[in-house]
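Undergrad: Structure incoming, see below.
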Amino acid sequence: MNPSLTRISLSKSSSSDTYFILDRFDNKKIGKLLVKKDKIKVKLKEKYKNKSYKTEAKSLFLHPSADNWLELYWQYLKKTNKVLMNIDEYSFPIHFEAGRLKRFKKDIFNRDIFLHPLAGRYWKKMKKAAKKDGIKLQIISAFRSIQYQKKLILNKINKGQKLEEILKVNVLPGFSEHHTGFAIDLTSKGEVVLEEEFEKSDAFYWLVKNANQFGFYLSYPRNNSTGVIYEPWHWCFQSDF
Ligand SMILES: [Zn+2]
């Protein structure tokens, strides 16, 4: 979600933990966003009570378009995650949480997956085409919320792992392409899961040859400039497809 495209804006109230949620078009107050210990609460007026406004308000708070977003985000992390690091040195790209999600089936763990409806539709098409060529593509992971990413990192911290070590394999909440609902981690039957060796599989060969036709691109090729390691399993649907 691009913050400049949201229907709402946030304005700080006199209390440091409360923001007013304003309708971007007429600047009317439509609700409040409250920051409480480890939670962001969104309270909306009756007329505006729907989930997408909630998501927009939270995304906007986590990723304000203003120049001070890093500072706000850093404050939020410090407050909620007890994650101590220098955010200025953190150079991964920011990703917004999906505005729309649809349930699809199933990942390799037999869990339902969630994807943006468009990405999901093209994933199904791609899977079908691969199957015709004898390749059984499987999803390891699709949409992951900012909240989920936070829990993932906190669990590891609570188990005694150092943040520097964790960040070699997980990005901070707000920085995963999986938040968008467009990214999928792939494998195929009998192949390795989330390992570089996946690049030697028939499935990877098929994807390199065909995935682009379905709008899926390799986000993190070898020596990419984002700072993320080479991930032959991670493919992302480009919404302008
Ligand atoms: Zn991934």
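The values are calculated or read from the model by the stated rules, or taken from the named source; none is laboratory data. Quantities reported herein were computed from a predicted structural model and do not represent experimental measurements. Glycine also receives a Cβ, built like all others from the backbone with ideal geometry; neighbour counts cover every protein chain displayed.
Undergrad: Restricting attention to the stretch 4-34, and to residues there that are surrounded by 17 or more Cβ atoms within 10 Å (Cβ to Cβ) and modelled with pLDDT under 85, which single residue is farthest from LEU44 (Cα to Cα)?
TA: The residue in question is THR6.
Undergrad: Among the residues of the stretch 130-139, are any part of a helix (DSSP H, G or I), modelled with pLDDT of 95 or more and surrounded by fewer than 15 Cβ atoms within 10 Å (Cβ to Cβ)?
TA: yes
Undergrad: Continuing with the same structure: Out of the residues in the stretch 166-201 that are within 14 Å of GLN149 (Cα to Cα) and either part of a loop (DSSP other than H, G, I, E, B) or in the same structural domain as SER59 (by TED's automatic domain parsing) (or both), state the one that is nearest to the ligand (Cβ to nearest atom).
TA: In this case the residue turns out to be SER176.
Undergrad: Something else about it: Can you name every residue in the stretch 199-228 that is small (Gly, Ala, Ser) and surrounded by 15 or more Cβ atoms within 10 Å (Cβ to Cβ)?
TA: Residues satisfying the conditions are SER201, ALA203, ALA211, GLY215, SER219.
Undergrad: Within the stretch 14-36, track down each residue that is more than 16 Å from LEU62 (Cβ to Cβ) and not in a strand (DSSP E or B).
TA: Listed by number, the residues that qualify are SER14, SER15, SER16, ARG24, PHE25, ASP26, ASN27, LYS28.
A quick yes/no check of all residues on (1) touching a Ser or Thr at 6+ places or on another chain (Cβ under 6 Å); (2) more than 20 Å from PHE109 (Cα to Cα); (3) of a type in the set (A, V, I, L, M):
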| residue | (1), (2), (3) |
| --- | --- |
| PRO173 | no, yes, no |
| GLY190 | no, no, no |
| GLU197 | no, yes, no |
| ASP202 | no, yes, no |
| LEU218 | no, yes, yes |
| PRO221 | no, yes, no |
| TYR230 | no, yes, no |
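Undergrad: Return yes when ARG121 is outside any helix (DSSP H, G or I), at negative phi and without any contact (Cβ under 8 Å) to a residue 40 or more places away in the chain and no when it is not.
TA: no
Undergrad: Shifting gears a bit: Which residue is farthest from LYS106 (Cα to Cα), if the candidates are limited to the stretch 140-165 and must be in contact (Cβ under 8 Å) with a residue 24 or more places away in the chain and not in a helix (DSSP H, G or I)?
TA: In this case the residue turns out to be SER145.
Undergrad: Could you figure out which of (1) buried (at least 16 other Cβ atoms within 10 Å of the Cβ); (2) within 19 Å of TRP206 (Cβ to Cβ); (3) touching a residue at least 60 places away in the same chain (Cβ under 8 Å) isn't true of LYS127?
TA: Failing condition for LYS127: (3).
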